[in-house]
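Report on the following structure.
The values are calculated or read from the model by the stated rules, or taken from the named source; none is laboratory data. It should be emphasised that the depicted structure is a prediction, and the values quoted were computed from it without experimental measurement. Here Cβ is always computed from backbone atoms with ideal geometry, including for glycine, and neighbour counts include all displayed protein chains. Just the protein is used for accessible areas: all its heavy atoms, side chains included, with ligands, DNA and RNA removed. Shrake-Rupley method; radii C 1.70, N 1.55, O 1.52, S 1.80 Å.
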Amino acid sequence: MSDQPVAIVTGAGSGIGRETARLLAEAGCALVLVGRRLETLEETAALLPEGAASIGVAIDITEPDAAGEVVDSALERFGRVDVLVNNAGDAPLAGIADTTREMLEAVFAVNAIAPGELIAAAWPRLVERKGGCIVNVSTLGTADPFPGFFAYAGAKASVNLFAKSCAKEGKPHGIRAFAVAPGAVETAMLRKNFPESRVPKAACLQPVDVARVIADCIAGKYDDRNGDTLFATAQTGVR
């Protein structure tokens with residue numbers, strides 16, 4: 001079994017997930033990098049500090065049994081799980097009238113059901129270790145839904161409540177949990193929906209800004225807000 005704390009990071013192939021993996025590796029964690037494409041996970045691994053321990057798990061987290069496979073991969077390689085960062089997500093832009101059942105199912109599958117399944121799969125291991133931390137990446141839209149994010153904001157609201165539930169149920173076991181809900185972040189997902197003419201770069205957080213909040217949650221900086229959703233924007237910082 002590894003002597004290092006082990007962190008699972010989903011959506012680790014780019015953006016917030018990649019920066020979170022880098023910061024956690026710098027803090028001494030071994031990494032389980034999760035994403036759909038092995039090549040992007042390998043690119044992330046190449047950016048980690050020299051000697052950092054990591055494995056890449058190329059998987060679609062919305063598939064049945066994916067959560068169990070991710071946790072099993074962590075246990076097989078490192079023998080433990082200490083941290084889970086539910087970062088993977090998708091945000092199609094569609095008005096209410098254009099929202100279909102198929103879209104709702106797809107959006108909730110990646111943004112709500114998969115994080116819930118990963119939490120449930122990792123939970124017994126965190127209980128066994130008598131500690132650990134879960135961080136769910138949410139969105140400012142759960143407080144102020146942007147028009148067109150009807151499905152996305154609704155799905156992400158789930159992970160805010162997951163964090164609150166985990167903090168309450170995890171308290172006797174030393175398990176902490178948070179949701180981090182950023183505003184606009186300069187990522188490919190943002191630019192898929194909004195050009196710079198509509199959302200200027202100056203109004204955006206950088207992926208590393210969000211990653212720092214996630215890393216600070218794990219490090220204990222926000223333990224007085226265990227179970228809370230931490231909102232962050234380029235204009236207001238963390239609140």
>> Suppose only helical runs count, i.e. DSSP H with n ≥ 4. What mean residue ellipticity at 222 nm does that imply for the chain under -39500 (n - 2.57) per run, divided by all residues and rounded to the nearest 500 deg cm²/dmol?
In response: -13000 deg cm²/dmol
> What shape does region 190-239 have by the C-alpha gyration tensor, where a ≥ b ≥ c are the square roots of the eigenvalues, rounded means a/c under 1.5, and otherwise prolate means a/b greater than b/c and oblate the rest?
Replying inline: prolate
> Heavy-atom accessible area per residue, region 112-191, 1.4 Å probe: how many Å²?
Replying inline: 41 Å²
> How much of residue 96 can a 1.4 Å solvent probe reach, expressed as accessible area in Å² and rounded to 10?
Replying inline: 120 Å²
> If one takes the longest principal axis of the Cα atoms in the chain, at what angle in degrees, from 0 to 90 and to the nearest 10, does the Cα axis of helix 38-47 lie?
Replying inline: 70 degrees
>> Going through the cross-link list 156/192; 201/221; 130/156; 168/192; 168/221; 164/192, which pairs have a Cα-Cα distance over 25 Å in this structure?
In response: 201/221; 130/156; 168/192; 164/192
> Using the alpha-carbon atoms, what tilt in degrees (0 to 90, nearest 10) does helix 15-26 show relative to the longest principal axis of the chain?
Replying inline: 30 degrees
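Can you classify region 43-137 as rounded, prolate or oblate using the Cα gyration tensor, where a ≥ b ≥ c are the square roots of its eigenvalues, rounded means a/c under 1.5, and otherwise it's prolate if a/b beats b/c and oblate if not? If you can, show how the numbers build up before the last one.
Details: a/c = 2.41, a/b = 1.70, b/c = 1.41.
It comes out prolate by the Cα gyration axes.
From largest accessible area down, sort 168, 156; use a 1.4 Å probe on the protein chains.
Numbers: 168 160, 156 5 Å².
Largest accessible area first, the list is 168, 156.
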> What does a probe at residue 97 reach in region 118-149, counting residues whose amide N is under 17 Å from the point 7 Å along Cα→Cβ?
Replying inline: 147-149
>> Can you give me the angle between helix 114-129 and the longest principal axis of the chain, using Cα atoms only, in degrees from 0 to 90, rounded to the nearest 10?
In response: 30 degrees
>> Considering only C-alpha atoms, what is the centroid distance from region 91-152 to region 192-206, in Å?
In response: 22 Å
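So how strong a dipole does the chain carry about its Cα centre when Lys and Arg Cβ are +1 and Asp and Glu Cβ are -1, to the nearest 20 debye?
Values: 23 positive and 29 negative charges, 135 e Å.
Dipole about the Cα centre, nearest 20: 640 debye.
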> Out of 165, 132, 49, whose Cα points farthest toward the positive end of the dipole of the chain (charges: +1 Lys, Arg; -1 Asp, Glu; placed on Cβ)?
Replying inline: 165
> Among bridges DSSP assigns within the chain, what percent are antiparallel (round to 5)?
Replying inline: 5 percent
